[in-house]
Amino acid sequence: MASVDVVIPCYRYGSVLPVAVRSVLDQPGVDVRVLVIDDASGDGSADVARALADADSRVTVWEHAENRGHIATYNEGLLDWAKADYCALLSADDALTPGALGRAARLMDAHPEVGFVYGRPLHWDGSDPLPAARTADRGWTVYNGFTWLRRRFALGEGCITSPEVVVRTQLQHKLGGYDPALKHTGDIEMWMRFALHADVGYLKGVDQAYYRVHGANMSKAYYETQVGDLRQRLAAFESIVRRAEGILPDRVDLDRRVRRVLAADALRRAGRAYDKGRADTDPIAELVEFAREAYPAAELLPEWKTLRLRQRLGARRARALSPLVLTAPARRVRQLYREARWARFGV
């Protein structure tokens, strides 16, 4: 029977921690252990964690005397504690779907070349009981790591939320954990780093984890800053380009491609500010500055031309005429279609 170690970092989420822990302990067909790391919550969350450990010997609790932050806490569990065949990181406010670990373990047992496995996350509002999840096996796809990685560069973003991933522990220890310099895109960078050295498994048509959506999500406010999101995404890709030297022969071309994609994304966001009547509040100048920095030829992009058209029209006229303004070239429409297919089918 395959073994899986699950790390659950917890900072002031004691009220929802039992759901996360129970979702791991109830996984059939695998030998599981759970480590809850309380990052100096100071609100009774550690008491909840200790009660869970008292009730089940498979649960261990580590407590920080001082808050160390999420990256250090993640890496502490994954690199210092995890010893099983496979490992996973689960936020204290999320949960695994029934059979998730067994499905992932079967794929990696069958394919030693696969470094990590993911499926679909099921977005969930925290209501009780948990919503029904798709759990019937529908097979899997194994992607060549380079092919999967090139897809990320082509789209300029990740395709993984996080709780739906199970990693081969040996690979996790070999390649390290989350990069402390990437506080908001460390997960994207880590999955791409793994894909430089291993293949990627995708479980078809199943929900692997519940991802809780609420106002307190750590990344929600950050990603609403727009420019910060783009800069952190670019930093993640830049890290992979550096790491890929001598490994990925087309890394320079991939770097140029992702810069173009992110610059176009920034210009589209600036254009949407006119469409939505937010030209006076959205960071249009900062978005344009980022586009130029990321891709010096940004002024040649179609998105630049449509943004300039909006600016010539003015905020009020641009909003009124937005349905008539071409917001994306045909190739962007095709890209959006491909993104939708990837999100649904993993291809």
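Miscellaneous remarks
- Boolean, V19 is buried (at least 23 other Cβ atoms within 10 Å of the Cβ) and of a type in the set (V, I, T): no
- The condition (being surrounded by fewer than 20 Cβ atoms within 10 Å (Cβ to Cβ), under 22 Å from the mean Cα position of the chain (by Cα), on the phi > 0 side of the Ramachandran plot and at pLDDT 95 or above) is satisfied by just one residue among G69, G44: G69.
- If you filter segment 74-132 down to residues that are assigned to a strand (DSSP E or B) and out of contact with any Leu (no Cβ under 9 Å at 6 or more places or on another chain), you find that the one that is surrounded by the fewest Cβ atoms within 10 Å (Cβ to Cβ) is H123.
- Among the criteria (1) at pLDDT below 95; (2) under 24 Å from K83 (Cβ atoms); (3) not aliphatic (A, V, I, L, M), the one T161 does not fulfil is (2).
- Selection count where residues are within 29 Å of D255 (Cα to Cα), part of a loop (DSSP other than H, G, I, E, B) and touching a Gly at 6+ places or on another chain (Cβ under 9 Å), scope segment 267-322: 0
- Within the set A136, A209, A195, the sole residue that is under 21 Å from H111 (Cβ atoms), touching a residue at least 40 places away in the same chain (Cβ under 8 Å), loosely packed, with under 13 Cβ neighbours inside 10 Å and in contact with a strand residue (DSSP E or B) (Cβ under 8 Å, 6 or more places away or on another chain) turns out to be A136.
- Residue list for segment 286-317, filter: modelled with pLDDT of 95 or more and among the aliphatic types (A, V, I, L, M): L287, V288, A291, A294, A297, A298, L300, L301
- Any chance S57 is buried (at least 18 other Cβ atoms within 10 Å of the Cβ), assigned by TED's automatic domain parsing to the domain that holds P163, at negative phi and part of a loop (DSSP other than H, G, I, E, B): no
- Criterion (surrounded by 18 or more Cβ atoms within 10 Å (Cβ to Cβ) and outside the structural domain of V7 (by TED's automatic domain parsing)) met by exactly one of R233, R168: R233
- All positions within segment 36-54 that are in a loop (DSSP other than H, G, I, E, B) and out of contact with any helix residue (DSSP H, G or I) (no Cβ under 8 Å at 6 or more places or on another chain): A40, S41, G42, D43, G44
- Residues of segment 238-250 satisfying the condition of being closer than 14 Å to G145 by Cβ and in a helix (DSSP H, G or I): I240, R243
The values are calculated or read from the model by the stated rules, or taken from the named source; none is laboratory data. Bear in mind the structure is a predicted one, so any value in this text is a computation, not a measurement. Heads up, the Cβs are rebuilt from the backbone with ideal geometry, glycines too, and the neighbour counts pull from every protein chain shown.
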